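Please read the structure below before turning to the comments.
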Amino acid sequence: MSLEDDFNDVIAKAMCGLGIGVSALADDSGIAPFEIEALLGGAMDKTAARAISPTLGLDAAALIALTGYHPERIAFPGVRRIKLPFGNWNVNAWEVNIDGVCLLFDAGFGARDVMGKVSPHGLKALLITHSHPDHIGGVAALAASGVRVISETEALAAGKFVFGPLELKAVDLSGHCTPSTGYFVNGLGRQLLIAGDAIFAGSMGGCKSREAHNLASHTLRAALANASADCIILPGHGPATTLAEELRSNPFHPRFNPNSDIDGKVRLDLS
Ligand SMILES: [Fe+2]
């Protein structure tokens, strides 16, 4: 069960999100540019990884350990990961089907791929986390089959939904994409969070600007502040995980941990 991102992807995402190039990162962290290039090329050097992590707001130990990180396999009755093709990659849709209530979160990239794996009959609603093309490919086809589609904007405006035993709370997870909506599912004995691309096991969705990266960190941190520690996170890419595991093993956790002092850990000005 491979993660969405390797350690070098995490470094590249952090650099892109903070708008830091190789030479600025080298200057700030006191190592040579070629050492950063080597890390970006996938060659782990623990000393170099430790040197750049404070500037990038990353947990160095988690970054170094990422190659060996595999979240515990989670089997939650009624929850199905629907792994769909997206070019050379994959994207997740999540089906929650409990006590006769079936909800689908996100709709993949190719309409035919989604329709081949999801039955629209009995589907109470399709809820969207964000409108990147790899998450909405099947929207039109499912809507044409009579499925109620709830957009990320509509969900945020409504705030809460009740479908039989399922209580959904929509939360703002903007940043990677704005708007983005996460869905806490309560009423199952264990909390679920359908997170879109706000967080992955061991990483976060990429951001194209410092403003977006900061927004992603702050919205995720605010959302997670009210989550239970054993909350199961169902991300838009890669395997399911838990909040407790991500607070230990996700290199980005200093940026989204509700208990962290983000400004105290990141040397560069993040305003
Ligand atoms: Fe996305």
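Hey, got the dipole for the chain? About the Cα centre, +1 on K and R Cβ, -1 on D and E Cβ, debye to the nearest 20? Intermediate values should be presented prior to the final figure.
On the way: 21 positive and 28 negative charges, 138 e Å.
Roughly 660 debye for the chain.
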Ala144-Glu211 pseudo-label distance in nm [points 7 Å out on the Cα-to-Cβ vector]: 3.8 nm
Angle in degrees between helix 210-224 and the longest Cα principal axis of the chain, rounded to the nearest 10: 60 degrees
The range 18-41 and the range 194-241: distance between their alpha carbon centers, rounded to Å: 25 Å
Distance between modelled label sites at Arg80 and Val162, nm, 7 Å Cα→Cβ extension: 2.7 nm
Per residue accessible area in Å² of the chain, where ligands, DNA and RNA are left out and the probe is 1.4 Å: 42 Å²
Set of lysines near Lys208 by C-alpha distance (under 19 Å), chain-local residues within fewer than 8 positions excluded: Lys13
Whichever aspartates and glutamates have a C-alpha closer than 19 Å to that of Lys160, once near sequence neighbours (fewer than 8 apart) are set aside: Glu95, Asp106, Glu152, Asp172
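Could you calculate the FRET efficiency of Ser119 with Arg248 from 1/(1 + (r/R0)^6), where r is the beta carbon distance between them and R0 is 25 Å, rounded to 0.05? Please list the in-between numbers first.
On the way: r = 38 Å, r/R0 = 1.51.
For Ser119 and Arg248, the calculated efficiency is 0.10.
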0 to 90° range, to nearest 10: angle between helix 7-18 axis and the chain longest Cα axis: 90 degrees
Selection from Ala48, Met15, Cys177 lying farthest towards where the dipole of the chain points positive, charges on Cβ: Cys177
Helical contribution to [θ] at 222 nm, DSSP H n ≥ 4, -39,500 (n - 2.57), averaged over the chain, rounded to 500: -9500 deg cm²/dmol
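Seen from all sides and averaged, what is the projected area of the convex hull of the Cα atoms in the range 70-118, in nm²?
On the way: hull surface 16.6 nm².
Hull-based average projected area comes out at 4.1 nm².
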17 Å Cα-Cα reach of Lys83 towards lysines, excluding residues that sit fewer than 8 places from it in its own chain: Lys117
Where only alpha carbons of the chain are counted, the Rg and the Dmax (Å): 18.7, 59
Relative frequency of Cα-Cα separations exceeding 14 Å in the range 7-69, percent: 48 percent
Percent accessible area from carbon and sulfur atoms, the range 95-220, protein chains only, probe 1.4 Å: 54 percent
Of the trypsin sites (Lys or Arg not before Pro) in the range 1-87, those whose Cβ has at most 16 other Cβ within 10 Å and which sit in DSSP loop: Arg73
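Taking the Cβ-Cβ separation of Ala61 and Ala222 as r and a Förster radius of 25 Å, what is the calculated FRET efficiency to the nearest 0.05? If you can, show how the numbers build up before the last one.
On the way: r = 25 Å, r/R0 = 1.01.
About 0.50, to the nearest 0.05.
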For Ala125, residues with placed amide H under 5 Å, excluding near neighbours: Leu104
Degrees separating the helix 46-56 axis from the principal Cα axis of the chain, which is the longest one: 70 degrees
Prolate/oblate/rounded call for the range 1-138, Cα gyration tensor, a/c under 1.5 rounded: prolate
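The values are calculated or read from the model by the stated rules, or taken from the named source; none is laboratory data. Computed from a prediction, not measured in an experiment: that's the story for all the values here. Note that each Cβ is placed from the backbone with ideal geometry, even for glycine, and that neighbours are counted across all protein chains shown. The accessibility values were calculated without ligands, DNA or RNA, using every heavy atom of the protein model including side chains. Shrake-Rupley method; radii C 1.70, N 1.55, O 1.52, S 1.80 Å.
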